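The values are calculated or read from the model by the stated rules, or taken from the named source; none is laboratory data. Owing to the predicted nature of the structure, the values given are computational and were not obtained by experimental measurement. All Cβ positions, even for glycine, are placed from backbone atoms using ideal geometry, and neighbour counts span all protein chains on display. Accessible surface areas use protein heavy atoms only, side chains included; no ligands, DNA or RNA. Shrake-Rupley method; radii C 1.70, N 1.55, O 1.52, S 1.80 Å.
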Amino acid sequence: MEETSTIEKTGSSSLFQNRVIRTILLSVLFLQIGIWVRNYSILLYVIEKTDGNPIAVSFISVAEFAPIFLFSFIGGTFADRWKPKKTMIWCDVLSALSILLVLITLFFASWKVIFFATLISSILSQFSQPSGMKLFKLHVPPHLVQAGMSMYQTVFALFMITGPVLGTFVYQRFGIMAAISIMGIAFLCSAAALLLLPPDRESEEEKPETTFMEEIKEGFIYVWNSKTLTLLGGSFLAAGLAIGLTQPLGVFLITERLGLPKENLQWLMAAFGIGMILGGVITAGKANKVLPQKLLAIGMTASAIGFIGMGASSVFWLTLLAQFFSGLFMPSIQIGINTMILQSTEDNFIGRVNGILNPIFMGAMVITMSASGWLKTHFSLVYIYELSALLLLVGVLIILPLMKKDGPR
């Protein structure tokens, strides 16, 4: 008990004394700068070049999200095969080189090559992200994992607010060439930061030779045989369906439910982002005291309450409050999920588990995002947001058997 108390008192200080956590946070900071400059600069550039052609604009999302389905299993499997530090550095370097090729090509060829920048960096992230999770597993003490994940998610939340402003400013002030150059520099800075990581560990035992397809199969068997990971996959599915259902409908809350101009949507996004930042900081402070499965259940329940409030409200300040409330608990969902994966997965399966679970969430989200427009024409926003809340509560029910455990297994 005395040892636990000491850990809780020194948790925040030892968190930033951990070399891996500090380095990964620095790398993520540079990556987020590159990604948000990329996302908004390319979006505005394509809109300008095509006069707002919706098909051309939609290709940006295709280039960003399609690799998650096509390369997540592959990237996760290779992440388990390769050394994580080297993998992450090479992914950032290759992203920077692809940006350089795009920059050169823009001088001599069609502007359409711009989609290549998003596609390549999105593909490489499917190799890099599971390697980062593996580094957490290998080098971060168990009592710091959840707090480390809290700070990791807080960086993402910070850029949800500042990222669009940064990307828009860079493009409008300096143009597409400067924006692409900043992307490349940001990826190189991330690679340089990763050089500060401890050396990759050499395997002490000989691994039996297996084929790539055998390793993918082993990953599916591993997840299926783990009660925690199987239930987490079911909860992932429900959460993806819920979030995708409302993702495209925020603007209709503003225009239909509140009767305000669509430009007011930015305030909803800001409220959600501020909530996420505060939620990440609060969760980091409480991380050692709450089991990850309880953190996940609390986050999903609170988000369900927030969704009901957003759908039912016809008052601007109340909708803002509900959006802020959802954002406040969103880090609990993300941190709970990532911590459960790390705590219940062996080192040599981290990549494949990520490669299996992430597409479940993304696939479910894309399905309901595609259906939300049709649902909107047949049902009121109130019903759709209530359905989304119900799906989140189903996700909570799925993981209830894990509440009896002291921790994931």
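Pick from Ala191, Ala63, Ala242: which is most flexible by mean-square fluctuation in a GNM of the chain where alpha carbon atoms under 10 Å apart are linked?
Ala63
Could you grab the relative contact order for the chain? Cα pairs under 8 Å, six or more apart, rounded to a whole percent. Could the numbers behind the result be given before it?
Details: 624 pairs, mean separation 105.2, N = 409.
Reported relative contact order: 26 percent.
Given all pairs of different Cα atoms, what value in angstroms does the Kirkwood hydrodynamic radius of the stretch 252-297 take?
Details: mean 1/r = 0.0784 Å⁻¹.
One over the average 1/r among Cα pairs gives 12.8 Å for the stretch 252-297.
Summing -39500 (n - 2.57) over the DSSP H runs of n ≥ 4 in the chain and dividing by its residue number, what mean residue ellipticity at 222 nm do you reach, to the nearest 500 deg cm²/dmol? Could you put the intermediate results ahead of the total?
On the way: 14 runs with 333 residues, N = 409.
Result for the chain, helices only: -28500 deg cm²/dmol.
What relative contact order, as a whole-number percentage, does the stretch 37-176 give when Cα pairs under 8 Å and 6 or more residues apart are counted?
Working: 114 pairs, mean separation 57.2, N = 140.
Relative contact order of the stretch 37-176: 41 percent.
Going down the list Lys86/Lys217; Lys137/Lys294; Lys83/Lys217; Lys85/Lys289, which pairs span over 23 Å between their C-alpha atoms? Walk me through the numbers on the way to the answer.
On the way: Lys86/Lys217 25 Å; Lys137/Lys294 21 Å; Lys83/Lys217 21 Å; Lys85/Lys289 30 Å.
Lys86/Lys217; Lys85/Lys289, as the Cα separations exceed 23 Å there.
Enumerate the helices in the chain for which the Kyte-Doolittle hydropathy averages 1.0 or more and the C-alpha atoms extend at least 24 Å along the helix's axis, using complete DSSP H runs.
Working: long enough: 19-50 (46 Å, 1.08); 54-81 (40 Å, 1.27); 84-108 (37 Å, 1.59); 114-139 (37 Å, 0.73); 142-174 (45 Å, 0.76); 176-194 (27 Å, 2.29); 227-246 (29 Å, 1.35); 265-286 (32 Å, 1.37); 292-312 (30 Å, 1.09); 316-344 (42 Å, 1.13); 350-378 (42 Å, 0.70); 381-399 (28 Å, 2.48).
Within the chain the helices that satisfy the rule are 19-50, 54-81, 84-108, 176-194, 227-246, 265-286, 292-312, 316-344, 381-399.
Where the accessible area of the stretch 289-409 is counted over protein heavy atoms with a 1.4 Å probe, how much of it, in %, is carbon and sulfur? Show your work: numbers first, answer last.
Values: 3590 of 4960 Å².
Ligands and nucleic acids excluded, carbon and sulfur reach 72 percent.
With the crude spin-label approximation of a point 7 Å out along Cα→Cβ, what separation in nm comes out for Asn348 versus Leu318?
Placing both labels 7 Å beyond Cα along the Cβ direction yields 5.8 nm.
Among residues other than Thr246 whose Cβ falls under 15 Å from its Cβ, what is the net charge (Lys/Arg +1, Asp/Glu -1)?
Values: positive: Arg257, Lys376; negative: Glu256, Glu386.
It works out to a net charge of 0.
In the full protein assembly as shown, how much of Cys189 is accessible to a 1.4 Å probe, in Å² to the nearest 10?
Accessible surface of Cys189 is approximately 50 Å².
Once the dipole of the chain is set up with Lys and Arg at +1 and Asp and Glu at -1 on Cβ about the Cα centre, which of Val366, Phe71, Thr228 lies farthest towards its positive end?
Val366
Hey, what's the per residue convex hull volume over the C-alpha atoms of the stretch 277-409, in cubic angstrom?
Numbers: hull volume 15.4 nm³, N = 133.
Here the figure is 116 Å³ per residue.
Tell me the relative contact order for the stretch 278-349 as a rounded percent, counting alpha carbon contacts under 8 Å between residues six or more apart. Working shown, then result.
Numbers: 68 pairs, mean separation 32.6, N = 72.
It rounds to 45 percent for the stretch 278-349.
Accessible area per residue for the chain in Å², computed with a 1.4 Å probe and the full protein assembly in place, what is it? Intermediate results must be reported in sequence, preceding the final value.
Working: 19200 Å² over 409 residues.
Value for the chain: 47 Å² per residue.
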